[in-house]
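Remarks on the structure that follows.
The values are calculated or read from the model by the stated rules, or taken from the named source; none is laboratory data. Because the structure is predicted, anything quoted here is derived from the model rather than measured. Reconstructed Cβ throughout: ideal geometry from the backbone, glycine too, with neighbour counts over all protein chains shown. Just the protein is used for accessible areas: all its heavy atoms, side chains included, with ligands, DNA and RNA removed. Shrake-Rupley method; radii C 1.70, N 1.55, O 1.52, S 1.80 Å.
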Amino acid sequence: SAAEVANLLDTSVAAVNSALQRAREAVRKATPEQAASPLSDSRDHDVVNRFVSAWERRDIDALAALLAEDVVLRMPPEQVELSGHRAVASFFATVPADGRLDRFQLLITRANGDPAVAAYLPDNSGRQVPFGLMVLTLAGASVVTITGFPAPGLFAAFDLPECL
């Protein structure tokens, strides 16, 4: 709450609310082009495309090759945190859809200015429906952080299709 933040920052509730209003206004003024711009760096574009291709081919070795040695995978709000490319590659090989990554259909997007991948998984009728969102932090030609949100409800907030 604003009162809790004010207490933590040793300021007034009015100051916290004012800062929040200014922040909301700054976000509102951001142009849609800025928020949804395609990957501007060709290297970023290449890394994300190779990530998606390796995922869809279920090529764990190619996926692992794109991960930094010290890559970190987090899945808030769960207390999941995996460190290192071997641990993350092993997770991908066994956990999402029991390692059947080829069952997913991925759509490249952006979240908080970073490249992101929306993952769709078939439902009982075979329609590809929202599964989760992976936000990728890149450094050079490597993925250094993957923040996964296994929350289909996020898709609407990102203006992503309800099914593919």
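Using only DSSP helix segments of four residues or longer, with each worth -39500 (n - 2.57), what per-residue ellipticity at 222 nm results for the chain after dividing by its residue count and rounding to 500? Display every interim value, and only then the final one.
Values: 7 runs with 66 residues, N = 164.
The helix-only estimate for the chain comes to -11500 deg cm²/dmol at 222 nm.
Name the residues of the stretch 123-164 whose amide N is less than 19 Å from a point 7 angstrom out from the Cα of Glu56 along the C-beta direction?
Zone members listed by number: 123, 126-136, 160-164.
Relative contact order, percent, of the chain when contacts are C-alpha pairs under 8 Å separated by at least 6 residues?
18
What FRET efficiency comes out for Asp98 versus Ala6 if R0 is 45 angstrom and r is the Cβ-Cβ distance? Round to the nearest 0.05.
0.45
Helix 85-94 against the longest principal axis of the chain: what's the angle in degrees, Cα atoms only, rounded to the nearest 10?
Helix 85-94 sits roughly 70 degrees off the main axis of the chain.
Which far-off residues, 5 or more places away or on another chain, put their amide H under 5 Å from the one on Leu138, with H placed in the peptide plane?
Val144
Measure nothing fancy, just the Cα-based angle from helix 13-29's long axis to the longest principal axis of the chain, in degrees from 0 to 90, nearest 10.
Here the helix axis deviates by roughly 50 degrees.
Give, rounded to the nearest 20 debye, the magnitude of the charge dipole that the chain has about its Cα centre when Lys and Arg contribute +1 at Cβ and Asp and Glu contribute -1 at Cβ.
In total the dipole reaches around 240 debye.
For helix 42-57, report the angle its Cα long axis makes with the longest principal axis of the Cα atoms of the chain; keep it between 0 and 90° and round to the nearest 10°.
Approximately 50 degrees, to the nearest 10.
If you rank Glu78, Glu162, Glu25 by how much accessible surface each has, with a 1.4 Å probe, what is the order from largest down?
Largest accessible area first, the residues go Glu162, Glu78, Glu25.
What is the spin-label model distance, in nm, from Arg24 to Thr137 if the labels are put 7 Å beyond Cα along the C-beta direction?
For the pair Arg24/Thr137, the computed spacing is 2.8 nm.
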